[in-house]
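The next block holds one structure in the form of C-alpha cells; read it before the comments.
The values are calculated or read from the model by the stated rules, or taken from the named source; none is laboratory data. Small disclaimer: the values here were computed from a predicted structure and weren't measured. Cβ placement follows ideal geometry from the backbone for every residue including glycine, while neighbour counts extend to all protein chains displayed.
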Amino acid sequence: MNRKYLLTLMFMVGYLLSSCNGTKNKINDEKVRDSIGVDLSVKPTQVERKHKVIHFESLSVDSIVGSYRILYKMQDNGQIVNTYPITDEKGKDTIYYASQDVILTINKDGKDIILNRKIQRDDFRSFIPKNEISKYCISNFKITDVTTTGIKFSINFCVPDTDICYWFEWIVSDNGHIKINEVIEKESDM
C-alpha cells in the first residue's frame with residue numbers, strides 16, 4: 001500500500017478512535033454547523049530536498065458555534081521532520097515528513113476578530129525538550145469546548161508514524177488571550 005494512503009488511513013483511524021474514547025467533547029447545546037474538507041485540488045507547498053518527502057493532506061475546518069466563527073487550516077510549513085535510521089545505521093532508511101502549522105482565525109458576532117494566528121511547533125518549546133522538538137510535528141488539532149468566555153482546542157504533537165506524542169489544550173479567551181496546558185495521560189490498569 002502506498003505510504004501516503006497508509007498515513008492518511010492511520011490519521012483517520014486515530015481521529016475516529018480519539019472521538020470515540022468514551023468521553024464526550026463538550027460543545028454547548030447551541031446549533032453547530034461543521035464543514036470539514038480535505039482540499040485535494042491544491043497541492044501543499046513542496047519542500048525541495050534531495051530525498052522524497054511525505055506530505056500530509058491540507059485540512060480545513062469552518063465551524064460556527066454560538067456567536068463564534070472558527071476557521072482553521074493545517075498546512076505544510078516548509079520544515080522537515082525525519083525519522084532516524086533504525087536498521088542500516090547509514091541513513092538509507094531515514095524517512096522525511098513535511099511539518100505542519102495551523103492557521104487559526106476566530107470571529108465573534110460575525111465581525112470582531114478575536115484571533116488570527118499561526119500555531120507552530122515553536123509555540124510549545126517550553127513543554128517539549130529542546131533536543132527533541134525537531135522530531136515532532138502537529139498531528140491533530142480540533143475544537144473540544146466552546147463557552148461564552150472562550151474556546152478550547154486539543155492539539156497533539158507526535159513523532160510521525162509512532163504513538164509517541166505530547167497532548168495540549170490551546171485555550172483562547174474571549175479577549176484573544178492564549179493559554180496552553182499540557183495534558184498528561186494517565187495509564188489505566190489493564
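Assorted remarks:
- For region 55-67, taking the residues that are surrounded by fewer than 17 Cβ atoms within 10 Å (Cβ to Cβ) and part of a strand (DSSP E or B), the one that is modelled with the highest pLDDT is identified as Asp62.
- Some residue of region 118-130 being of a type in the set (Lys, Arg), surrounded by fewer than 18 Cβ atoms within 10 Å (Cβ to Cβ) and within 15 Å of Asn77 (Cβ to Cβ): yes
- Within region 141-190, the only residue that satisfies the criterion of being in contact with a Ser or Thr (Cβ under 7 Å, 6 or more places away or on another chain), under 24 Å from Gln75 (Cβ atoms) and among the small types (Gly, Ala, Ser) is Ser154.
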